[in-house]
Amino acid sequence: MKPSRRDFLKTTGLICGAASLSSLDFAAEAAAIDKDALAALAISRAKKLGATYADIRINRYRQESIFAREQQVQIVSRTQSFGFGVRVLVNGAWGFAASHQVTSESVRRITEEAAEIARANALYQRKPVKLAPAPKVIAQWRSAFELDPFEVSTDKKLEFLLKLNETAMQAKGASFVTSSLAFQNEQKFYASTDGSRVEQYIIRTLPFFTVTAINRSAGDFQTRSSLPGPKSIGYEYVENYPWLNEAQQAGEEAVAKLSVKPVAAGKYDLILHPSHLWLTIHESVGHSTELDRALLWEADFAGTSFLTPDKAGKLQFGAKICNFFADRTQPEGLATVGYDDEGVPGQRWYLVKDGIFVDWQTTRDLAPLIGRKTSYGCLHADSWGSVPFPRMPNVSLEAAKDDVSLQDLVADVDNGILIYGNGSWSIDQQRYNFQFGGQTFREIKKGKIGAMLRDVAYQSRTTDFWNACDGLGGQATYELNGAANDGKGEPTQANAVSHGCPIARFRQINVLNTAAKNA
């Protein structure tokens, strides 16, 4: 006999209650550790071993994930880890080691291992590492949130998902719906030979769902996923955003996509909603402006970059209205922090100004390679046991200064397509040639938004695409979206990053019909 929903909630409550007790024990153990004493031990030992720089990160990570399909709860998962990592610079080379045993004996041993690794690396180091200076920082920082999701009951979260699924399935013709809630918490302690001591508490909330509609006689199915992205805020995101309205619309649009006409391939003016454009920014702007990729230090997952160092200050990356900025302080940004993983304060700077590519994403060891005196604070590790390395900050496109609306941009389009949501994507290993799909598509004829389309994807090259941008919405159209699982490195690390932008218009972009045989 299958358990009832009430029985499931009751059992889940008991399981999560036990997990919560374990979490409390775990938290108490972590809180009882004298981090300052352990940091002093690691730094003192590193200096005696010849380190010109050393840092220690003592971190606790918590994850919670809940998945549901229709009125069935599929997974309730809570995980956490606690440990430390020591990084040292000896003989001009890096060494790193880590452990989950957070004790004085372990800190001493791991520091010695890191120094030994650095000395071995120095034998093969072509040039000694030089660090840009960073200020001494003594600080505590918390991300902005009203309600810590780890203090909200599991039952309440389950009720939300099941109600959302019920609403999505009210669309006549909807076949099934999957939904999830995920939450991340990083509790980070950092100390270095610079004298810095930083503690940070970061919360992220990641709601998501997908509605699927199936036409079995035609062998066809269509989906529509949630458009709002994850944010670095608390459970208030779940409570305050109109998720039920979003679910209802998604169900209706998934069904409608089964019967709408396919796009005719050709050149179109495109108007791209922020729920779609963020991913194009991520792939073509975010990854291409990573300095380690441009220097050929890194090629995993996203390749290198066509933006070689000689292009800074010279290349017309996009139209003059395009201003891309990196920002580790952006409200609700997934990559927003008080300080990065080597104590550099979060900051904002331009990557592309008035259409010209002007700057990079840097860390303390990358900045001197291009003549910079300070780092932009882009060092990050996804765990206490992971090596910190350059990761993408929030990268966003500024809105127009004037109050430009969606309709203002549409009015000047004779033959175009309006795209919402991110879909399939592909980009080459230089971040140059790309193809992007979306969630929903509407034709634009003679300045008016018309019927839905399907099977739409557009192709372009990064500089051609951004130079074709001739219209941006005002601040009222600006939205922040992003992803919590941007992969990089080997072994792979995941980074959470947001991209904000207004609605934007692009002229005469090549559009494909993805269902066509020659697509």
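The values are calculated or read from the model by the stated rules, or taken from the named source; none is laboratory data. Here the structure is a predicted model, which is why all the values come from computation and not from measurement. Every residue, glycine among them, receives a Cβ derived from its backbone with ideal geometry; neighbour counts consider all protein chains shown. Ligands, DNA and RNA are excluded from the accessible area calculation, which covers all protein heavy atoms including side chains. Shrake-Rupley method; radii C 1.70, N 1.55, O 1.52, S 1.80 Å.
Hey, any idea what % of the chain's accessible area is carbon plus sulfur with a 1.4 Å probe?
Details: 11370 of 22070 Å².
Answer for the chain is 51 percent, counting heavy atoms of protein chains only.
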* Output the peptides 464-473, 217-226, 327-336 sorted from most to least packed, where packing is the average of other Cβ atoms within 10 Å over each peptide's residues. => 327-336, 464-473, 217-226
* For a quick protection proxy, order the peptides 318-326, 67-75 by their average other-Cβ count within 10 Å, most packed first. => 318-326, 67-75
* Asked: Farthest toward the dipole's positive end in the chain, which of Leu244, Ile419, Trp141, given Cβ charges of +1 (Lys, Arg) and -1 (Asp, Glu) about the Cα centre?
  -> Ile419
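In deg cm²/dmol and to the nearest 500, what is the mean residue ellipticity at 222 nm of the chain if only DSSP H runs of at least 4 residues count, each as -39500 (n - 2.57), divided by the residue total? Can you show the working numbers first?
Values: 10 runs with 118 residues, N = 519.
Per the formula, -7000 deg cm²/dmol.
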* To do: Could you tell me which label, among (i) 25.9; (ii) 41.4; (iii) 23.4, carries the value of mean projected area of the Cα convex hull in nm² calculated for this structure?
  => (i)
* Structure fact -> Quick calc, the chain, dipole around Cα centre from Cβ unit charges on Lys, Arg (+) and Asp, Glu (-), nearest 20 debye, gives 660 debye
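Taking the Cα centre of region 297-398 as the origin, how large is its charge dipole in debye, to the nearest 20, when only Lys and Arg (+1) and Asp and Glu (-1) carry charge on their Cβ atoms?
Values: 10 positive and 13 negative charges, 88 e Å.
Dipole about the Cα centre, nearest 20: 420 debye.
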* Asked: Structure shown: which of Lys267/Lys353; Lys311/Lys446; Lys163/Lys257; Lys231/Lys488; Lys314/Lys488 lie over 32 Å apart, alpha-carbon to alpha-carbon?
  -> Lys311/Lys446
* Asked: When only C-alpha pairs under 8 Å and at least 6 residues apart count, what is the relative contact order of region 318-370, in percent?
  -> 39 percent
* Rounding to the nearest 20 debye, state how big the charge dipole of region 159-286 is about its Cα centre with +1 on each Lys and Arg Cβ and -1 on each Asp and Glu Cβ. => 380 debye
* To do: Given the peptides 342-351, 84-93, 448-457, arrange them by the average over their residues of other C-beta atoms within 10 Å, most packed first.
  => 84-93, 342-351, 448-457
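Compare Lys401, Lys446 by solvent-accessible area with a 1.4 Å probe and give them largest first, with all protein chains kept in place. Intermediate values should be presented prior to the final figure.
Working: Lys401 195, Lys446 160 Å².
Listed by decreasing accessible area, they come as Lys401, Lys446.
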* To do: Would you tell me the accessible area of Trp425, worked out with a 1.4 angstrom probe on the heavy atoms of the protein chains, in Å² to the nearest 10?
  => 130 Å²
* Under the span-like rule (Cα at least 30 Å along the axis, Kyte-Doolittle mean at least -1.0), DSSP H helices of the chain -> 5-32
* Hey, if you put +1 on the Cβ of every Lys and Arg and -1 on every Asp and Glu Cβ in region 382-514, which of Leu480, Gly450, Pro388 ends up farthest toward the positive end of that dipole? -> Gly450
